[in-house]
Amino acid sequence: MSFAVTAAQLSKSYRYSRRGRGWRAAFSSEQVTIEAVAGVDFQIAPGERVAIIGPNGAGKSTTLKMLSGILQPSSGAATVLGLVPWRQRKALAYRIGVVFGQRSQLWGELPARDSFDLLRHVYDQDARVFARRLGEMSERFALGELLDQPVHRMSLGQRMRCEITASLLHGPELLFLDEPTIGLDVTAKAAIRDFIREHARDHGLTVLLTSHDTRDIELVCDRVIVVNQGRIVVDQPTDQLRRRFLGRKIITFQSAGAAVSLDLPGVTRRAGAAHATVLEVDTRVVRVEQVIAAAMADGGIEDVTIEDPPMEEVIHDIYAAAR
Amino acid sequence: MTSTLRRAEARSTLRAAASALRMGFDQTLAGWPVLAGRCLFFGLIMTVLSALWDKVAAEQVAGAIALPPGGVVLYVGATEWITLSLPAVYLRFEDDIRSGGLEIHLLRPKPYLLQTLALGLGGGLARLAALGVTAILLLALSGRAWPPLEGLAFLLVLGPLGLLVGVMLYALAGLAAFWARRTLPFQLIIQKLMFLLGGLFAPVTLYPAALAEVARASPFAAHLYWAGAQVMAPSLMGFLVGAGWQLAWILLLGAACLGLWRLGLAKLLREGTI
């Protein structure tokens, strides 16, 4: 079987000079080596949707940079779509799409359509094929009038729809997504996730995603690679991971009076601020709506927020289980 | 790679650069209030400088230094026209390199350096067009003598070439971001040299002979002086010499930009972040 992505003992270490204190330090420094990625091995099949997750500094961004060709590894090997990324970056660029949630690839002053037109030339695309793809995506993503609106006047959700469109217009075989839903509201997140999942399924697109939002991982990816301290801790299907580690929700109730008092199985109280009750809910035992209904029946609730546990906690649980 | 493939690739690279140039042009026009403000500023500067040079002419100082009295105002108009059209490309390089935004550009198949220079040049050309119209209006309102038609024709070639020299000089300052946190000090040095050796406010021929020769051979004169000189005292020979210097400096600065870019890129690919 030929894989879309392979990594074999892929490693990256950085060296920097650390100066000590005092006047002697002006004349001497110590060379420090940091191992950002320490010999990771994995393969990704064509059409697979894989999340690489881990706490900050775990090595996921470094891994993605090496796989996309913008960072040379210290040792090891990797191929992406049969190419060595850091040696054949330009050839690879025609075949991959990239979305960085916190960086725009569109030109702010101009309508998105103008940015798309420039990208058509950048990727040497036939005008008719390009127009057909834009038409399809425009319909699927309800871009419509957005296409002729200056990008800087768009909401974050609208801009992200255009960013994803821009990354797919040249028909890539593999899509790198780095925090694609960061900062978006619930509706916009759902639209982005649905689109990526369906587009990938319909076009056989391989997806490599990093995110701190566990819903991105659950709803888009069918496999999760967890990295920590430069090493792969867990590599398993999302279903399996969900059953074991993604079954928790954090519900915060704001109340004018006393703290909410609940005695339900699968619900544990966490430390909260004044007038705020923070509950950790095991959704395998009790449903979120049951918890909210019970709290509302108690009265005095002014506001409710539902969140995923921080990724650091999920990783911690996974890491603890792996040991 | 065969020569046919190489030619096809070069053509596609140039097409993408032309598209970026058009994008830069459109983007600058889209920000028309800023452009209008720049045109007003051009008018203000020319009001002050023309008053200064009229006084110089009235006191016959210009005659003593062998410059045509009304010509110096036209010269300064041309050099200011180019200076005010110059886009701050160094800031774009600094921002992309220092913020990590460069990564997304490196994941595209066309060269970032060429695309960014084309984008900047496109913006500069939009300004040249808007400020050019302003200059014609100012000249018509001032009632001054128009420059010879051949001088204007030469200016239409030397002006954009001078702009390109300036874009490349600023690109060198911007590429310093691979090694320096801020590029402003480099830009300031280049800008002051443009003013001094480029002859922003007066032709470099006013300098002592040896210094004038050095200035005329510098990239800063290729940026400003040669275009200004042709509108003041046009001649085919002067035009050809000026265009020759400009083209030579465009090639040299292009090579310098490419060299600096390759060094910086190698550092980025090795170290991951700047």
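Working note: Karplus 6.51/-1.76/1.60 with θ = phi - 60° gives segment A:28-41 the couplings 9, 9, 9, 7, 10, 10, 10, 8, 6, 10, 10, x, 8, 10 Hz, where Gly and Pro are set to x. Quick one: compute the contact order of chain A, relative version, from alpha carbon pairs under 8 angstrom and 6+ residues apart, as a percent. For chain A, the relative contact order is 19 percent. Of all the options A:Phe42, A:Phe27, A:Phe100, the one that moves most in a Gaussian network model of chain A with Cα springs shorter than 10 angstrom is A:Phe27. The Rg/Rh ratio of segment A:5-243, with both radii computed over alpha carbons and Rh defined as the Kirkwood radius, is 1.03. Per residue, the average separation of C-alpha pairs within less than 8 Å and at least 6 apart gives chain B a relative contact order of 25 percent. Simple spin-label model, 7 Å along Cα-to-Cβ: A:Arg18 to A:Asp282 in nm? So the label points at A:Arg18 and A:Asp282 sit 4.1 nm apart. In order along segment A:93-104, the Karplus-derived 3J(HN,Hα) couplings, from 6.51 cos²θ - 1.76 cosθ + 1.60 at θ = phi - 60°, round to 4, 5, 10, 10, x, 9, 10, 9, x, 9, 10, 9 Hz, and Gly and Pro are given as x. Over the C-alpha atoms of segment A:1-137, the Rg to Rh ratio, Rh being the Kirkwood estimate, stands at 1.11. Remark: mean inter-chain Cβ contacts per residue of B:96-108 equal 6, using a 10 Å Cβ-Cβ cutoff to other protein chain atoms. Modelled spin-label separation between A:Glu302 and B:Ile45, with each label point placed 7 Å from Cα along the Cα-to-Cβ direction: 5.7 nm. Ranked by the mean number of other Cβ atoms within 10 Å of their residues, highest first, the peptides A:226-235, B:48-57, A:282-291 come out as A:226-235, B:48-57, A:282-291.
For segment A:247-307, the fraction of C-alpha pairs farther apart than 17 angstrom is 27 percent. Relative to the current alpha-carbon distance between A:Glu145 and A:Arg201, full extension at 0.36 nm per residue lengthens the span by 17.5 nm. Counts of other chain beta carbons within 10 angstrom of each beta carbon in peptide A:90-96 average 3. Take each residue of peptide A:119-129, count the partner chain Cβ atoms within 10 Å of its Cβ, and average: the result is 4.
Once backbone amide H atoms are built at 1.01 Å from N, A:Leu209 has A:Val50, A:Ala51, A:Ile52, A:Leu177 as its partners under 5 Å, excluding neighbours fewer than 5 places away on the same chain. Seen from every direction in turn and averaged, the convex hull around the alpha carbons of chain B projects onto 16.2 nm².
The phi torsions of segment B:135-144, fed into the Karplus equation with coefficients 6.51, -1.76 and 1.60 and a -60° offset, translate into couplings of 4, 5, 4, 4, 5, 5, 5, 6, x, 6 Hz, rounded to whole numbers, with Gly and Pro shown as x. Over segment A:247-307, Cα pairs under 8 Å with separation of 6+ residues give a relative contact order of 48 percent.
The Kirkwood radius of the protein assembly as shown, taken over pairs of alpha-carbon atoms, gives through the Stokes-Einstein law at 4 °C and 1.567 mPa s a diffusion coefficient of 46 µm² s⁻¹.
Once Rg and the Kirkwood radius are both taken over the C-alpha atoms of segment A:43-105, their ratio Rg/Rh works out to 0.95. Packing-based ranking of B:16-25, A:76-85, B:119-128 yields B:119-128, B:16-25, A:76-85, ordered from highest to lowest mean Cβ neighbour count within 10 Å.
A short reminder: the numbers here are calculations on the coordinates, not readings from a lab. All values derive from a computational prediction rather than experimental measurement. As a convention, Cβ positions derive from the backbone with ideal geometry for all residues, glycine included, and neighbour counts pool all protein chains shown.
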